[in-house]
Structures are given as C-alpha cells and as structure tokens.
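Novice: Let me give you the structure first, and then I'll get to my questions.
Taken together, the values in this text are just the output of simple stated rules run on the coordinates, not laboratory data. Since the structure is predicted, the reported quantities are computational estimates derived from the model, not experimental observations. Neighbour counts run over all protein chains shown; Cβ positions are idealised from the backbone, glycine included.
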Amino acid sequence: MLRTIRIKDLSLVRGERRLFSGLNLEIGAGEAVALTGRNGAGKTSLLRAVAGLLRPDAGNIAFDGAAGELEAETARAEALHMVGHHDGLKSTRSAWEELLFQTRWTGGSEASARDAVTRLDLERLLDLEVRRLSAGQRRRVALARLLASPRSLWLLDEPMAPLDAGHREGFGTLMAEHLASGGMILAAVHDPLPIPSLNVEIGRSMEIGG
Amino acid sequence: MSAFLVLLRRELALAWGKGGGPLLALAFYACVVTLLPLAAGRAPERLASLAPGIAWLALALAALLSLERLFERDFEDGALDLLALGPAPLEAVAVAKCLAHWLAAGAPLALAAPIAALALGASTAIIPLLIACALAGGLAFSFLGGLGASLALGSKRGGLLVAVIVLPLYVPPVIFGAGALDALAGGLPWTGGLLLLLAYSAAAVALGPIAMAAACRNALD
C-alpha cells in the first residue's frame, strides 16, 4: 500500500524538445491531482514517467509505503494502475475475456471482476467482441480493472473523455470512494475532475507542495 | 508463476483464435512446399533429394511470417503498457509470447513437416529426425523471430524489416538441421548437427527474452 509519491525536480525530454523541468509534486494518501495544460505539454509523458515507462531526463520519483521508501519497481508492479488513451483491449476477443485477463494479470480474481462488472454496469456488454463496443463502452471495460484489482495509485489519462454524463457521474463516485479508502489519483484532464483535487498546470509554475 | 500462466493462456487464445493462427501457418507451409517442386522441376529423384531441405526451409519461412506482428498489436492497442506494468518482468512476457507462438504455430508445423517431406518423396527413415529438428528448430525460430518483431516495433515497414533482421539469424539452425538430415539420408553420422541445433535453440531461448525486453522498453520510452 502506497502512502506518498514524491516527484522531485523532474525534467522530461521527448526527442529534442524539453517538455518541462523542475517539477516538484507530492501526492499523499486520499489525494487527487488533476494535471492540466495545453495539448503536448507533457501530461501523458508525466503519467508514463510515474509508471516507469519513460525515463526522466533528470530528477526522481519515489514511492513511500507504510514502512518507508519502497523500491520503485516493486511499487509500480504492485501498487499502480494506468488507464491511458489506448485501453489495451484486443478487438477480436470478448469484453469479458479481456476484462478477466486484465484483472488476473493485475492480481485480481474472477469474483472481483464480476463485482466490477456490476458496479460499472457492464453486464450487457460482456459477450460482445471488443470491436463492437463504442469508445465509451470500451473505456468502461478498461476502467473496470481499477475496481477489479484494488491498487493504491490510479494514473488516468483523460479517463472521462468518451463517457456520457451519467457514467461520468458514476465514475466520479467511484473515484471519491477510492480516495476515501486512502487511494491516490493522478489524472491528466481538460475538464475539471468531479472530485476535490489539486490542480497542476504542466508547463507553467512548477512548485507545488503536497 | 501464476501471472506467467495467465499471460500464456491469453497468448494461446489469441494465437488460436479468430484469424486462423496455426491453420493459416499450415496453409502457407503447404503452399510453399507445393510451389517449390513446380519451380525446381518434377523429376522424382531430384525432388526426393531436395525434399528434406525444402520441408525444413519452408518451416523457417512459415514461422517467420506468422510472428511478424507478435509485439506490434500489443504496442498499437496499448496492451504492451499493461504487460510492462504487470507482476512479471518483460523478459517473462517475451518468453510467454514466444512460447505461445511455438505451441500454436511451431509445433503444428513440426507435425506437418514429415507429411510434406514424404509427399515430395523423402525416405521414411528421416521422419523421426525431421520431427525432432522441426520441434527444436521451431523453438529457435519463434524466439529469434520474436527478437526481430520486438526490434521492428513502431517502424512503418515492420514486415520486411523483421525478415531482414531475422533471416540471417535463421542461417545457423537451417544449416545444422539440413546438415543433420542430409547426413542421415547419406548414411553419415548425424548427431553432431542435431546437437548443434539443440544448442543454438537453447541459446536463443535463454538470451532472446533479454534482448526482446530491452527492445520493448526502448519502444515504450
């Protein structure tokens, strides 16, 4: 279980271009951070850097557990979920097959996947092939793994963009529950999150305390 | 270990599932084996002498074609992010993918190889050795092909690039396997070729995943 994430003096470079430098950010248990900024400012890159998929140019990202700092690799493999632009669902498989795989891969069980299906209202989609689903339906299937295998840190990239109003509200409730149980959320968004959150604009002032 | 099995099951389902999988590889294999005699002439004695070599070479090509997109699909739809963040290291992910490819395409092809060789007029004496070579060589083909597929991640001309990277690496197993088959057909000692083939496959299985994981990390970065 993660307690705090500390991002210190982080600087990211893509190709020849420096996205930002000197980013300091601390997220504690029960806190949500909404990353805003123009297109291409580096919101997605920051999420990928926290997930360890992208090597920072400078600075570091540390994960603290109850008993002090955790090894980054272990923390990432066990305590974070990332749902990005691409939902990672195979178009030829059924929604249930893919959800079950994603759940088991991230450490959940079939029962927890069933539970997530009920809470996200996915029953009617389960037998359909993923390619028959709309963008919003696919996103809901991808978001289901957040509930199916509980992990402390959610890294979300435009999580609500394809969702309709009703499901945005529903997902807002789920995010609030996650925070209430000590979870953390770092989300790249254009519209404000429907939960109390700290706003961080990427590419502007970079000194934010936790 | 359980995460590895979960992934292996999913990779097998993807390989066997819609889109042909082993059937397509087998059909391609049958086409190549039928085409080569048409090009090489139909004199039975000449075909019989070429048979083991043709059956063996076509295996390498069929394996190559079926794994060109081994990592590309996961890279495009974002599943590779999920796999990279999972409980198993990327090296284990690479092993699962290549192993699933071998089980779904390599092993069925290894069983089809003797049929092709017999149809071309090879003697029945080489059949056990051909199956052994095809099973061991197929493992090398899968793991080296996976290496090519991972190195070509994100490039536009992926398919050709994979072939250009992988075919030179297929040279040693093709030589060892064909050498062993040739030696057996000519009544010479053949164990040396088979042992070298096994050694090469073992090295590919041991070292390939390390390189594949590095290539995937590089592509995701």
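Novice: For chain B, what is the Kirkwood hydrodynamic radius in Å, using each pair of distinct C-alpha atoms?
Specialist: Value: 17.7 Å, from the Cα pair sum.
Novice: I've got another one for you. Considering the range B:73-124, what Rg and Dmax in Å follow from its alpha-carbon atoms?
Specialist: Cα only, the range B:73-124: 17.4, 51 Å (Rg, Dmax).
Novice: Which whole-angstrom value gives the distance between the alpha carbon centres of the range B:79-149 and the range B:1-55?
Specialist: 10
Novice: On to the next question. Any idea what the relative contact order of chain A is, in percent, if you count C-alpha pairs under 8 Å spaced at least 6 apart?
Specialist: 32
Novice: With a sphere of radius 13 Å drawn around the Cβ of B:PHE71, what net charge do the other residues whose Cβ falls strictly inside it have (Lys, Arg +1; Asp, Glu -1)?
Specialist: Computed value for this residue: -3.
Novice: Identify all aspartates and glutamates with a Cα-Cα distance to A:LYS8 below 17 Å; exclude those on the same chain that are fewer than 8 residues away in sequence.
Specialist: A:GLU26, A:ASP57, A:ASP64, A:GLU69, A:GLU71, A:GLU201, A:GLU207
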